[in-house]
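Reviewing the structure listed below.
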Amino acid sequence: MKSNSQLNYHFHTPENPQSSTPIVLIHGLFGDLNNLGVLGRDLQQYYPVIQIDVRNHGISPQMENMDYNDMAQDVLALLDKLNMPKATIIGHSMGGKIAMTMTSVAPERIEKIVVIDIAPVAYPIRRHDSIFAALNNVTSAGAQSRQAATEIMRQDIQEDGVIQFLLKSFRQGEWKFNLPVLQQQYEKITGWERIPAWLQPALFIRGGNSDYITEEYREDIISQFPQATAWVVAGCGHWVHAEKPEAVLRAIHRFLGTK
């Protein structure tokens, strides 16, 4: 199935790329194309780099569905638009699940994948209920400023870093992401349907303090990605690329053979 979604994106090509195969950076839930910017600014010295807003995020189209097959097709449609037959996909959390799905939807189009702190499993725990509550409370209160929104969100969210991350998508009293659809489609976002084994290189980067990738998911990873290698970044959580970007970039460059 072809995608009708025209994703918003930024595309940078270095003057003398080490490889013509582009890297696509895909953010996680509630994010936008700037979230992996710290990785993009480094990688674009060596590779063509595409940063995208996933559907229902940033200024990409708002759609009713958040099915991973559809989101994978969105990215493939963008690669078609840019006349790029193959790509390496790097995704964090939800973006990692999109990357993994792309290996099933179009395995011949994917050279390598880097999956940051997510496993190819359905997660049974609802991790974002307090966030949804905070976001809806900001909307219901009609808050217009970030300061007002911050005070409201602190009633449900204790971590100031999470609040500041969410506020990056707050503009003039509106959330840039499609909050009603994200909430309605949440089980699809946290869910997963097993995919055929993909025999190409895959790197899984995990935050040492994160419980998104644990030993219990090892078999799920190996059965779907037999060539997977793992890299644990100690002393950080789910936002490993934001907490320790240098360590994440070292792992990526080693995996890609940049240096």
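Numerical summary
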item: Subset tally (residues that are among the aliphatic types (A, V, I, L, M), in a helix (DSSP H, G or I) and open to solvent by less than 40 Å² (accessible area, probe 1.4 Å)) for the stretch 101-147; result: 6
item: Qualifying positions in the stretch 155-176 - open to solvent by less than 10 Å² (accessible area, probe 1.4 Å) and part of a strand (DSSP E or B); result: Phe170
item: Output for the stretch 34-46, where each listed residue is in contact with a His (Cβ under 9 Å, 6 or more places away or on another chain), open to solvent by 10 Å² or more (accessible area, probe 1.4 Å) and part of a loop (DSSP other than H, G, I, E, B); result: Asn34, Asn35, Gln44, Tyr46
item: Counted residues, the stretch 177-204 - those being part of a loop (DSSP other than H, G, I, E, B) and out of contact with any strand residue (DSSP E or B) (no Cβ under 7 Å at 6 or more places or on another chain); result: 12
item: The stretch 68-98: number of residues that are closer than 13 Å to Ile26 by Cα and in a loop (DSSP other than H, G, I, E, B); result: 1
item: Residues of the stretch 211-255 satisfying the condition of being open to solvent by 30 Å² or more (accessible area, probe 1.4 Å) and among the aliphatic types (A, V, I, L, M); result: Ile222, Ala230, Val232, Ala234, Ala242
item: Qualifying residue in the stretch 132-149 (condition: within 30 Å of Leu256 (Cα to Cα) and not assigned by the TED database to the domain that holds Gly208); result: no
item: Test result for Asn16, closer than 26 Å to Lys244 by Cβ, open to solvent by 40 Å² or more (accessible area, probe 1.4 Å) and of a type in the set (S, T, N, Q); result: no
item: Every residue from the stretch 200-221 that is within 27 Å of Glu108 (Cα to Cα) and touching a residue at least 12 places away in the same chain (Cβ under 8 Å); result: Gln200, Pro201, Ala202, Leu203, Phe204, Ile205, Arg206, Ile213, Tyr217, Asp220, Ile221
item: Residue within the stretch 60-67 that is part of a loop (DSSP other than H, G, I, E, B), over 25 Å from Leu256 (Cα atoms), out of contact with any helix residue (DSSP H, G or I) (no Cβ under 8 Å at 6 or more places or on another chain) and aliphatic (A, V, I, L, M) present; result: no
item: Sole residue being modelled with pLDDT of 95 or more and more than 19 Å from Ile189 (Cβ to Cβ), chosen from Gln51, Gln18, Gln6; result: Gln51
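The values are calculated or read from the model by the stated rules, or taken from the named source; none is laboratory data. Everything numeric in this text was worked out from a predicted model, so none of it was measured. Heads up, the Cβs are rebuilt from the backbone with ideal geometry, glycines too, and the neighbour counts pull from every protein chain shown. Just the protein is used for accessible areas: all its heavy atoms, side chains included, with ligands, DNA and RNA removed. Shrake-Rupley method; radii C 1.70, N 1.55, O 1.52, S 1.80 Å.
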